[in-house]
Every structure is written in C-alpha cells, then in structure tokens.
Amino acid sequence: MLGFVILVGVVVNNAILVVHQALNFMRQSGMAPREAIRESVRTRVRPIMDERG
C-alpha cells in the first residue's frame, strides 16, 4: 500500500514538472504550446528511460 502511495506521488509530481517546464519553454524561447510540451516531455522522460535501458 505504501508503495502505491509513493508511486502516485511520483506520477503527479512528474506531471507538474512537465507543465512547469513547458511554460518555461514558452516564456523564454517563445515556443508554440505543442512544441514546448513535446520538448518538456522529451527532457523529463529521458532520464527515466536512460536508467532502464
């Protein structure tokens, strides 16, 4: 049960960080919203995928 609670917390935290990073890309680089979302997901998922692969 504790593991499930921790997993939910990590998933929620990651989503918040993706949105925050996308907003930063839009503000600083002037990216379009979809492009900023793609780039922020790519930068957030890369460390997770590198650890497993």
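Gyration tensor analysis over the Cα atoms of the stretch 2-52 returns equivalent ellipsoid semi-axes of 24, 13, 6 Å (largest first, whole Å). Here the Karplus relation 6.51 cos²θ - 1.76 cosθ + 1.60, evaluated at θ = phi - 60°, turns the backbone of the stretch 8-21 into coupling constants of 4, x, 5, 5, 5, 4, 5, 5, 5, 5, 5, 5, 4, 5 Hz, with x for every Gly and Pro.
The modelled label-to-label distance between Q28 and V5, using points 7 Å beyond Cα along the C-beta direction, is 3.5 nm.
No lab work stands behind these numbers, since they all come straight from the coordinates. Bear in mind the structure is a predicted one, so any value in this text is a computation, not a measurement. Using ideal geometry, Cβ is built from the backbone for each residue, glycine included, and neighbour counts are taken over all protein chains shown.
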